[in-house]
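The structure under discussion appears below in the form of structure tokens.
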Amino acid sequence: MPYLPCLNTSTIRPASLMDKIDAAAAAGFQALELWNPDVFAYLEGGGKLSEVQDRLRSRGLTVPSMIAIMGFIGNEAPGREERLGEARRRMEQARDLGAPFIVASPPMERADLARCGADYAELLALGREIGIRPAMEFLGFVEHVNSIATAREIMERAGDPSATIVIDWFHMVRGDGRETIREDLRALKAEQIAIVHLDDVPYQKPFSEMTDGDRVYPGDGNIHIDELFGILREIGYAGPVSLELFNEELWAQDPYQVAKTGFEKSQRWFAG
């Protein structure tokens, strides 16, 4: 497959960490995008990181990215050193699980983009020290950093050639940049994309009212996924594609079946 088939564990969030690993492998995924809080909870419950590493290895799964560094970029509140320490802790965990990237989330409110760029640059420098690359994320439902264009401005302000971005179809149509998503995606270089989040959403409500929980399996909504993957091919992207859903109806179902159905519905795009 031209893309690495990956499952973001948010798709089966209520499952245990080990069930998430097993379900992804049983479904046919070759990679798993883990969340730091899941791993921390496993460790706090008496588990060992070596057990997670062994389980991933035995199931043939790699970890292309982890989620996430939160609350650091654009945050001017007191407590910066504590936030930076938490960012380090999450980066080190991701590195120890073999992840080359960790997602760096944007602020929820309007932000000083120069400050965001400086904060992102600091994370990139720390990542080089640790051995991992923070990837700038945009979120369609936040006030400011909700489009490719805004995230890219932060990347440029960071002034670091190792800066990358997380691409997500849902956030692209939910955010302010939906009218220019094709041009904005086409303007990126393949090496600037850390990972692509695969999802879909029905256009049954105003874009401004859409939430993560509205995401559905790829092909069950109205996003022009074929066209967007065509642009990925144009720019030469050949990295991981991670199915990322937050649908509570799916969370109530058997995680093994959800992962299996997700793989089957995503396979045509994994295959290019």
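Contact map, the range 1-19: first residue on the phi < 0 side of the Ramachandran plot and touching a residue at least 24 places away in the same chain (Cβ under 8 Å), second residue in a helix (DSSP H, G or I) and of a type in the set (Val, Ile, Thr), Cβ cut-off under 6 Å, separation 6 or more or different chains; pairs are Ile12/Val258. Within the range 241-264, residues that are within 17 Å of Thr211 (Cβ to Cβ) sit with their Cβ atoms under 6 Å from residues that are open to solvent by less than 20 Å² (accessible area, probe 1.4 Å) and among the hydroxyl-bearing types (Ser, Thr, Tyr), at 6+ positions apart or across chains, in these pairs: Glu244/Ser10; Leu245/Thr11; Phe246/Ser10.
Here Gly272 does not fit the description of being under 29 Å from Glu143 (Cβ atoms) and of a type in the set (Gly, Ala, Ser).
Based on what the data block shows, is Thr150 more than 18 Å from the chain's Cα centre (by Cα) and among the polar types (S, T, N, Q)? In short, no. Ser242 passes every criterion in (1) out of contact with any Phe, Trp or Tyr (no Cβ under 8 Å at 6 or more places or on another chain); (2) open to solvent by less than 50 Å² (accessible area, probe 1.4 Å); (3) over 14 Å from Ser266 (Cα atoms) apart from (3).
The residues in the range 137-164 that are hydrophobic (A, V, I, L, M, F, W, C), closer than 16 Å to Asp112 by Cβ and open to solvent by 20 Å² or more (accessible area, probe 1.4 Å) can be counted, and the count is 0.
The values are calculated or read from the model by the stated rules, or taken from the named source; none is laboratory data. It should be emphasised that the depicted structure is a prediction, and the values quoted were computed from it without experimental measurement. Glycine also receives a Cβ, built like all others from the backbone with ideal geometry; neighbour counts cover every protein chain displayed. To get the accessible areas, we keep the full protein, side chains included, count just its heavy atoms, and leave off ligands, DNA and RNA. Shrake-Rupley method; radii C 1.70, N 1.55, O 1.52, S 1.80 Å.
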